[in-house]
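Working notes, beginning with the structure itself.
The values are calculated or read from the model by the stated rules, or taken from the named source; none is laboratory data. Everything numeric in this text was worked out from a predicted model, so none of it was measured. Here the Cβ is made from the backbone with ideal geometry for all residues, glycine too, and neighbour counts use every protein chain on show. Protein only, heavy atoms only, side chains kept; ligands, DNA and RNA dropped before computing areas. Shrake-Rupley method; radii C 1.70, N 1.55, O 1.52, S 1.80 Å.
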Amino acid sequence: MNKPKVYITRKCPEDSIKRLKNIANIKMWTDELEPVPRDILLNEVKDVDAVLTTLSEDVDESFFSHANKLKVVGNLAVGYDNIDVKAAERHGITITNTPDVLTETTADLAFALMMAVARRIVEASDYVKKGQWKNWGPLLLAGKDLHHKTIGIVGMGRIGTALARRAKGFDMDILYHNRSRDEMAEKTLGAVYAPFEDVLEAADYVVCLTPLTAETKGLFDGKAFELMKQDAIFVNVSRGPVVDEQSLYKALVGGKIAGAGLDVFEKEPISSDHPLLSLDQVVALPHIGSSSMATRYKMIDLACWNIAKILEGKPAVTPVKSRE
Ligand code: 8YV
């Protein structure tokens with residue numbers, strides 16, 4: 001019997017895809033960093049049973065219209081805003097994501113960004129490396145505390161709760177805003193639910209963890225930054241378009257807020273001459289929220305497992321449905 005065919009849109013380590021190797025013929029794009037060109041991808045889609053995608057691929061109506069026998073698209077991310085899930089449902093194609101396995105790693109990075117901006121870690125490291133450290137002064141590179149401050153988490157899903165646990169360990173007060181209440185976090189961590197605007201007004205650290213949807217696009221606009229405390233630090237580890245970057249830049253330059261830690265941007269990769277990158281009070285990362293070696297292996301394995309299940313005629317492990 002012919003084995004099913006799987007196309008993988010980014011070069012992954014051979015030992016990370018072993019779940020699929022025995023059951024499928026695998027073709028993989030040859031570059032680890034450069035995305036597969038659209039025309040090549042659409043050509044590959046024609047002849048395969050499954051595709052393992054990343055956030056770089058638009059999995060939309062035109063993608064599905066090229067497919068002849070596609071059964072499943074396994075997205076290598078918990079977010080799936082790159083995928084038109086409704087279109088997939090119309091075509092009878094299963095979409096899967098990689099939840100849970102990346103929760104703790106991404107929460108670690110969110111906390112690291114809060115810390116990096118608050119304690120000016122990047123500036124301070126540069127100061128030493130550039131040979132500027134000649135002396136000591138009482139206020140040399142003085143930053144802000146995290147302990148006993150208030151964190152405001154916007155988007156209290158799995159990663160939000162994991163971040164709240166870290167904040168609790170730093171004796172922080174936890175405010176959150178979410179579509180639904182998180183009773184467990186309220187009971188066990190003392191997290192307090194508040195309307196979006198109230199979270200912005202009260203928090204010393206505002207962390208954006210909400211998925212990108214039609215409702216959340218541009219959620220952090222000029223008005224939102226205006227509401228924040230002047231010494232607040234804003235962190236985004238979800239999706240760039242949830243933030244209006246021009247408003248964020250204006251808020252930072254105008255002293256409406258004190259700093260920002262950004263792992264995601266409206267357009268990725270962000271151009272190196274983007275105004276936000278010129279600011280000392282901004283720490284910018286190349287979308288590495290889930291990027292620990294162990295977690296990336298787990299994500300690839302889960303994406304492969306989902307694909308394998310569908311190819312074996314079984315239900316996927318972590319399928320996604322279109323949002324209402
Ligand atoms: C992705 C992410 O893994 O999971 C998500 O939604 O944003 C990251 O963890 C990364 O961007 C690769 O697609």
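Overview of values
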item: Options Gly218, Gly259, Gly255, Gly222; residue that is under 25 Å from Ser291 (Cβ atoms) and of a type in the set (Gly, Ala, Ser); result: Gly259
item: Residue check for Leu276: open to solvent by 20 Å² or more (accessible area, probe 1.4 Å) and more than 16 Å from the ligand (Cβ to nearest atom); result: no
item: Residue tally, condition open to solvent by less than 40 Å² (accessible area, probe 1.4 Å) and part of a helix (DSSP H, G or I), over region 219-250; result: 9
item: Helices (runs of 4 or more DSSP H) enclosed by region 61-163 - at least 1 residues per element that are open to solvent by 50 Å² or more (accessible area, probe 1.4 Å) and under 22 Å from Gly289 (Cα atoms); result: 103-118, 121-129
item: Filtered residue count, region 50-60, keeping only those that are more than 16 Å from the ligand (Cβ to nearest atom) and either part of a helix (DSSP H, G or I) or charged (D, E, K, R) (or both); result: 1
item: Filter result (assigned to a loop (DSSP other than H, G, I, E, B) and of a type in the set (A, V, I, L, M)) within region 27-49; result: Leu33, Val36, Val48
item: Complete set of residues in region 64-79 that are within 16 Å of the ligand (Cβ to nearest atom) and free of Cβ contacts under 8 Å to residues at least 24 places away in the same chain; result: Val73
item: Count of region 286-312 residues which are in a loop (DSSP other than H, G, I, E, B), surrounded by fewer than 18 Cβ atoms within 10 Å (Cβ to Cβ) and within 13 Å of the ligand (Cβ to nearest atom); result: 4
item: Complete set of residues in region 5-26 that are in contact (Cβ under 8 Å) with a residue 40 or more places away in the chain, farther than 20 Å from Lys69 by Cβ and part of a loop (DSSP other than H, G, I, E, B); result: Arg10, Cys12, Pro13, Ile17
item: Answer residue from region 39-49, given it is of a type in the set (A, V, I, L, M) and more than 16 Å from the ligand (Cβ to nearest atom) and is farthest from Lys309 (Cα to Cα) among those; result: Ile40
item: Members of region 271-288 found to be within 14 Å of Tyr249 (Cα to Cα) and among the β-branched types (Val, Ile, Thr), listed by number; result: Val282, Val283
item: Any hit, region 251-271, residues being more than 16 Å from the ligand (Cβ to nearest atom), open to solvent by 40 Å² or more (accessible area, probe 1.4 Å) and in contact (Cβ under 8 Å) with a residue 60 or more places away in the chain; result: no
